[in-house]
1. Here's a check for you: in region 249-259, which residue that is farther than 17 Å from residue 27 by Cβ and of a type outside the set (A, V, I, L, M) is surrounded by the fewest Cβ atoms within 10 Å (Cβ to Cβ)?
2. Just checking, does region 53-68 include any residue being touching a helix residue (DSSP H, G or I) at 6+ places or on another chain (Cβ under 7 Å) and assigned to a loop (DSSP other than H, G, I, E, B)?
3. Can you go through 51, 101, 96 and tell me which one is more than 27 Å from residue 29 (Cβ to Cβ) and in contact (Cβ under 8 Å) with a residue 12 or more places away in the chain?
4. Quick one: how many residues across region 173-197 are part of a helix (DSSP H, G or I) and either hydroxyl-bearing (Ser, Thr, Tyr) or at pLDDT below 85 (or both)?
5. Could you tell me which numbered condition residue 272 fails, if it satisfies all but one of (1) out of contact with any Asp or Glu (no Cβ under 7 Å at 6 or more places or on another chain); (2) more than 28 Å from residue 360 (Cβ to Cβ)?
6. Can you find, within region 329-385, the residue that is surrounded by the fewest Cβ atoms within 10 Å (Cβ to Cβ) among those that are on the phi > 0 side of the Ramachandran plot and in a loop (DSSP other than H, G, I, E, B)?
7. Name, by its number, the condition in (1) within 19 Å of residue 6 (Cα to Cα); (2) surrounded by 13 or more Cβ atoms within 10 Å (Cβ to Cβ) that does not hold for residue 170.
Amino acid sequence: MKAVVLAAGEGTRMRPLTYTKPKVMLPIANKPILEHLILELARAGIRDVVLVVGYRDEIIREYFGDGSRWGINVSYVSQRKQLGTADALRSAAHLLDDEFLMLNGDNIVSHDEIARLVESDSMAIGVVKVQNPQDFGVVELEDGKVRRIIEKPERPPSNLINAGIYKFTSGIFEFLEKTPLSKRGEYEITDTIQLAIESGVEFRAVEMNTWIDVGYPWDLLKANEFMLKNLRESKVEGEIEDGAHIKGNVIIGEGTVIRAGSYIIGPVVIGRNCIIGPNCFIRPYTSIGDNCHIGACVEIKNSIIMSNTNVPHLNYVGDSVIGENCNLGAGTKIANLRLDGGTIHATVKGRKVSTGRRKFGAIIGDNVKTGINVSINVGTMIGNDVFIAPSARVEGYIEPYSKVF
């Protein structure tokens with residue numbers, strides 16, 4: 001059975017991180033979101049994957065190639081204009097057989113649950129129980145079959161939502177051609193499914209217990225924590241100097257040096273060719289990419305530090321995501337807790353959004369440089385290629401290519 005994976009969109013709610021890369025290529029536990037999904041597909045026995053790509057597709061094509069590194073065959077279809085999920089499936093139809101899976105590339109689901117969907121004897125939709133169904137497409141069931149999907153209702157009839165994973169047969173193509181433009185100006189697969197249901201086609205609901213949705217930048221932290229909790233052993237391919245202390249499950253990549261005085265509490269993942277320490281403190285649920293420098297008197301907690309980034313002197317980074325090729329000047333600190341202990345908000349697409357988190361620092365895009373003694377307040381979003389002058393206080397949303405004094 002083939003799987004069609006939708007990976008064409010930018011993910012505008014994930015800005016500033018997606019200004020420079022597609023959403024599906026953002027890292028969790030040092031692997032792109034899409035790689036985690038492909039690994040689960042391979043474990044479920046799927047050997048042929050069709051990636052529907054569009055925004056910055058060269059990054060995806062270069063990384064995954066023909067898929068042989070993962071023991072699968074990858075082919076590509078371009079969706080140059082992102083006109084919705086039904087349009088994406090239509091673009092891949094010529095590569096598909098009588099039965100196939102379709103998945104959103106920005107979700108993570110376990111191989112066991114993919115296998116249960118494959119085993120369904122009819123077309124099927126993965127569903128998951130959530131506490132905020134009003135933010136998703138809510139699925140209404142009748143006798144275990146899908147009756148309808150309601151997009152973001154004010155009063156959800158249930159807490160079951162569409163997980164963005166489907167088993168289709170070629171019969172769905174008839175309804176693809178009939179799918180109208182939605183209010184958002186897109187051809188949406190949920191409208192296609194609703195047309196099929198109203199014509200008497202049955203869709204079984206298959207409940208997903210392991211499902212991670214990355215809708216906002218801070219959701220990367222939740223997903224990263226989930227993945228690191230599954231570390232069952234340590235793996236050290238680099239060098240650990242005398243006087244460094246490693247506690248718990250920690251993965252250290254080839255060519256990385258952990259210098260004396262460093263104290264690392266797992267679960268933590270550190271990439272290749274990094275210099276860690278001396279005398280730094282790396283706390284649980286932290287992922288550090290390749291070619292990074294985490295230096296003297298630096299503390300990092302529950303954060304994602306992407307590749308080629310330096311946090312070298314007297315810095316604190318908590319509950320934050322820092323992009324590639326960044327450099328934090330000596331004494332740069334990121335606050336991660338409001339003084340009143342309340343829930344932290346951040347600006348997304350021009351409006352304030354609750355993160356749902358008491359502890360949340362900053363989201364920093366690629367190629368950001370800070371001077372010495374910079375203070376970055378809770379909930380700050382910093383675009384790519386921003387330069388921040390020494391002793392500046394930064395908060396709110398900073399547009400890409402800005403200079404902050």
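The values are calculated or read from the model by the stated rules, or taken from the named source; none is laboratory data. Since this is a predicted model, take the numbers as computed values, not measurements. Virtual Cβ from ideal backbone geometry, glycine too; neighbours counted across all protein chains shown.
1. 254
2. no
3. 96
4. Residues in region 173-197 being part of a helix (DSSP H, G or I) and either hydroxyl-bearing (Ser, Thr, Tyr) or at pLDDT below 85 (or both): 2 in total.
5. (1)
6. Among them, the one singled out is 350.
7. Here residue 170 clears every test but (2).
Yes/no matrix, rows are residues, columns are (1) over 15 Å from the mean Cα position of the chain (by Cα); (2) surrounded by fewer than 20 Cβ atoms within 10 Å (Cβ to Cβ):
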site	(1), (2)
221	no, no
231	yes, yes
247	yes, yes
261	yes, yes
272	yes, yes
281	yes, yes
284	yes, yes
288	yes, no
315	yes, no
